[in-house]
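Peer 1: Could you have a look at this structure, given as structure tokens, before my questions?
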Amino acid sequence: MDADVSGSPRSPDYDLLETVAVTDPAKLRAIFDPLRGQLMDLVLERAATVTELAAAVGRPKSTIAHHVKVLVENDVFKVVRTRKVRAIEERFYGRVARTFYVGAVPLEDVTPLPWTNYLADAAAESMPAYHADTMWAQHMHARIPRQRANEFWKRVDEVIGEFARLPREGDTVYGFAVGLYPTEHPTLPHRPVDDGIGDPA
């Protein structure tokens, strides 16, 4: 297995693009299926066969073969290598890209929307860690212009990419959820510029 400059094994163990924009409704539906999302997460660790994926998620091989086929047909998965086992060719599947994001796609063509609320999903998934006091989390509000929000999210997106590139090692799979969204949170009224409060002495 290849290693990165730090000496840790490279994750995943095959070449892939860093990011791909998804603009096709069929590909959106392929990506946002919950089970296929699990399969996509698994092959970020290393390439895997249908048998390995089925064992990891506890589902029949026939079910996983169907979902892998859907991902391949929509250019989300690809065969990254093969090997012969007793005259049978095993295929190892990997992702086309490390991250996928929704590009310019008419959402009226994607009904109902295939994705769920990521933060709601993360809240449900993180509940055991919350009760065990093993969860790191923070929730903040800031009144900022939309442009500043866009700039901040770009920086967050870089951290997301860094997290996705971490070598797969250790015994625990950690979840990482981020969100940036407008709210109806209360704000203080604007202070008159001539009230003198806070002016230097």
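Peer 1: Has segment 100-107 got at least one residue that is surrounded by 10 or more Cβ atoms within 10 Å (Cβ to Cβ), farther than 28 Å from L42 by Cβ and modelled with pLDDT of 95 or more?
Peer 2: no
Peer 1: Applying the selection to segment 12-36, what residues are farther than 16 Å from T116 by Cα, in a loop (DSSP other than H, G, I, E, B) and either of a type in the set (S, T, Y) or open to solvent by 20 Å² or more (accessible area, probe 1.4 Å) (or both)?
Peer 2: If the condition is that a residue be farther than 16 Å from T116 by Cα, in a loop (DSSP other than H, G, I, E, B) and either of a type in the set (S, T, Y) or open to solvent by 20 Å² or more (accessible area, probe 1.4 Å) (or both), then D13, Y14, D15, L16, T23, D24 are the ones that fit.
Peer 1: Any residue in segment 157-186 that's more than 22 Å from I144 (Cα to Cα): show its pairings with residues that are in a helix (DSSP H, G or I) and among the aromatic types (F, W, Y) at Cβ separation under 9 Å, as long as the two are six or more apart or on different chains.
Peer 2: Going by the 9 Å Cβ cut-off, the qualifying pairs are Y174/F163; F176/F163.
Peer 1: Filter segment 61-70 down to the residues that are open to solvent by less than 70 Å² (accessible area, probe 1.4 Å) and not aliphatic (A, V, I, L, M), then identify the one that is nearest to L39 (Cα to Cα).
Peer 2: Looking at the filtered set, the residue picked out is H67.
Peer 1: Would segment 125-148 turn up any residue that is without any contact (Cβ under 8 Å) to a residue 12 or more places away in the chain, closer than 27 Å to D13 by Cα and open to solvent by 100 Å² or more (accessible area, probe 1.4 Å)?
Peer 2: Within segment 125-148 (the criterion being without any contact (Cβ under 8 Å) to a residue 12 or more places away in the chain, closer than 27 Å to D13 by Cα and open to solvent by 100 Å² or more (accessible area, probe 1.4 Å)), the answer is no, since none of the residues qualifies.
Peer 1: Of the conditions (1) surrounded by 17 or more Cβ atoms within 10 Å (Cβ to Cβ); (2) free of Cβ contacts under 8 Å to residues at least 60 places away in the same chain; (3) more than 18 Å from the chain's Cα centre (by Cα), T111 clears all except one; give me its number.
Peer 2: Unmet condition: (1).
Peer 1: Sort out which residues of segment 37-49 are assigned to a helix (DSSP H, G or I) and open to solvent by 70 Å² or more (accessible area, probe 1.4 Å), and write them in order of number.
Peer 2: Hits for segment 37-49 are Q38, D41.
The values are calculated or read from the model by the stated rules, or taken from the named source; none is laboratory data. Keep in mind it's a predicted model, so treat the numbers as computed, not measured. FYI the Cβ positions are ideal-geometry reconstructions off the backbone, even for glycines, and counts take in every protein chain you see. Each accessible area value is taken on the protein alone, full model and side chains, heavy atoms only, with ligands, DNA and RNA left out. Shrake-Rupley method; radii C 1.70, N 1.55, O 1.52, S 1.80 Å.
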